[in-house]
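The values are calculated or read from the model by the stated rules, or taken from the named source; none is laboratory data. Keep in mind it's a predicted model, so treat the numbers as computed, not measured. Counting neighbours? That spans all protein chains shown, and the Cβs are built from the backbone with ideal geometry, glycine included. The protein model used for the area step is the full one, side chains on, heavy atoms only, and it has no ligands, DNA or RNA in it. Shrake-Rupley method; radii C 1.70, N 1.55, O 1.52, S 1.80 Å.
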Amino acid sequence: MGPAGSLHPLEQRRPLGDRVFAIVALSSGLLVLVILVLIAVTTTQQAAPWFSSEGWKIFTNNWNPAANQFGALAFIYGTAVTAIIAIVIAVPLSVGIALLLTEVVPYRWSRPIVYVVDLLAVVPSVVWGLWGILVFAPWIQHIYASIASAVTGVPVLGFFFGTPTSGASFFTAGLILAVMITPIVTSLSREVIATVPAIDKEGAYALGATRWEMITGAVWPHSQGGVVGAVLLGLGRAMGETIAAALVIGSSATITSRLFAPGYNMPAVIANQFGEASGTFRAALMGLGVLLFVFTIIINVLARGIVERNARRKRGG
């Protein structure tokens with residue numbers, strides 16, 4: 001027995017089950033980190049021949065496996081364009097649905113809508129891709145042609161939406177990706193918005209605010225960090241989606257401002273050409289995977305940083 005007044009450390013008084021759980025949780029977290037590091041190391045090693053042979057030429061628009069030339073700029077461009085289209089379309093829709101479900105629709109009506117939105121998130125990407133190339137692309141190609149003919153000669157619109165047009169295109173891929181990430185962004189945004197204290201909203205109403213003023217003055221300042229994090233996570237999903245994009249983007253390694261034209265992105269070229277690749281060609285595809293891995297990690301880290309910064313700012317306030 002220790003001297004009077006002495007205190008044992010808290011860890012020495014914790015039950016055995018708590019200590020075991022802490023060890024298991026720590027080990028699981030470290031295991032995830034180790035797996036990520038191993039993925040990065042092994043893929044980088046396999047892509048080393050491409051990085052060493054091409055150098056900075058990997059950022060040129062010259063992808064010609066027959067001539068042993070592997071510039072990836074067209075695929076990086078396609079990935080960025082389709083992801084931006086998806087975010088521009090999905091974010092307003094997702095945030096609007098989240099606000100509708102949390103602030104406007106009564107609970108008994110919002111639950112069925114939540115179930116439907118969550119159900120959309122579990123639809124396999126290959127199903128979206130097949131629907132996109134077999135049903136959506138042939139139908140929307142006529143709309144593309146009508147828009148292109150209407151904006152021909154218009155300075156800005158014609159630059160982005162003029163001819164050529166194709167059902168399998170940058171814009172079609174962006175639309176399919178927008179549909180796929182909308183449930184994710186909606187669910188995360190809804191959970192964040194639901195954490196706004198009721199007293200803040202009631203205080204806004206007590207001061208005479210309308211519903212819109214309450215949302216902009218009380219709900220949005222409290223939840224903007226989490227919503228931004230949800231958007232960036234959706235962006236990471238849009239950049240990394242493979243099968244659906246591969247089916248509807250058109251498989252044309254070109255850089256063009258025409259959003260209705262066929263294109264290519266990094267996940268799609270890896271999926272379509274990896275089976276026939278060998279040597280430097282295979283290393284180049286592995287290198288595209290490394291670049292995509294780096295881009296998605298950066299976006300997810302950025303999302304985490306924004307959420308944490310917003311949380312610290314609220315605690316400081």
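Pick out which of Ile199, Ile181, Ile140 has the largest mean-square fluctuation in a Gaussian network model of the chain, springs linking Cα atoms closer than 10 Å.
Of the options given, Ile199 has the highest mean-square fluctuation.
Gaussian network model of the chain, Cα springs within a sub-10 Å range: biggest mean-square fluctuation belongs to which of Val294, Val126, Val154?
Of the options given, Val154 has the highest mean-square fluctuation.
Select from Ile133, Ile89, Val269 the residue farthest towards the positive end of the dipole of the chain; place +1 on Cβ of Lys and Arg, -1 on Cβ of Asp and Glu, and compute about the Cα centre.
Highest projection toward the positive end goes to Ile89.
How far, in degrees from 0 to 90, does helix 73-99 lean away from the longest principal axis of the Cα atoms of the chain, to the nearest 10?
For 73-99 against the chain, the angle is about 50 degrees.
Can you give me the long-range amide H partners of Phe70? Hydrogens built in the peptide plane at 1.01 Å from N, cutoff under 5 Å, separation of 5 or more residues or another chain.
Asn64
Over the range 227-267, what percent of the accessible surface lies on carbon and sulfur atoms, probe 1.4 Å?
Result for the range 227-267: 64 percent of the exposed heavy-atom area is carbon or sulfur.
Classify the range 146-255: rounded, prolate or oblate, from the alpha-carbon gyration tensor (a ≥ b ≥ c, eigenvalue square roots; a/c under 1.5 rounded; otherwise prolate if a/b is larger than b/c)?
Oblate.
On a 0 to 90 degree scale, rounded to 10, what angle separates helix 220-240 from the longest Cα axis of the chain?
Helix 220-240 sits at roughly 40 degrees to that axis.
Calculate, for the range 144-212, the solvent-accessible area per residue in square angstrom, rolling a 1.4 angstrom probe over the heavy atoms of the protein chains.
Here the per-residue accessible area is 49 Å².
Kindly report the accessible area of the range 230-317 per residue (heavy atoms of protein chains, probe 1.4 Å, no ligands, DNA or RNA), in Å².
Normalised by residue count, the accessible surface of the range 230-317 is 44 Å².
Please state, to two decimals, what the Cα-based radius of gyration of the chain comes to when divided by 2.2 N^0.38 Å (N = residues). Mind dumping the intermediate values first?
Values: Rg = 24.6 Å, N = 317, 2.2 N^0.38 = 19.6 Å.
Normalised Cα radius of gyration, the chain: 1.25.
Return the distance in nm (one decimal) between the two label points of a simple spin-label model at Ala271 and Ser251, each offset 7 Å from Cα along Cα→Cβ.
Label at Ala271, label at Ser251, 1.2 nm between them.
By how many degrees, between 0 and 90 and to the nearest 10, does the Cα long axis of helix 16-54 differ from the longest principal axis of the chain?
20 degrees
Can you tell which of Ala244, Ile181, Leu99 lies farthest toward the positive end of the dipole of the chain, using +1 and -1 charges on the Cβ of basic and acidic side chains (Lys, Arg; Asp, Glu)?
Checked the options; the winner is Leu99.
Pop out the carbon and sulfur fraction of the accessible area of the range 47-172 as a percent, whole number, probe 1.4 Å.
74 percent
Compute, for Thr186, the solvent-accessible surface of its heavy atoms (probe 1.4 Å) with the complete set of protein chains present, and express it in square angstrom to the nearest 10.
About 0 Å², rounded to the nearest 10.
Divide by every residue of the chain the summed helix terms, -39500 (n - 2.57) for each DSSP H run of at least 4, and state the resulting mean residue ellipticity at 222 nm, rounded to the nearest 500 deg cm²/dmol.
Values: 14 runs with 221 residues, N = 317.
Roughly -23000 deg cm²/dmol at 222 nm, from the helical runs in the chain.
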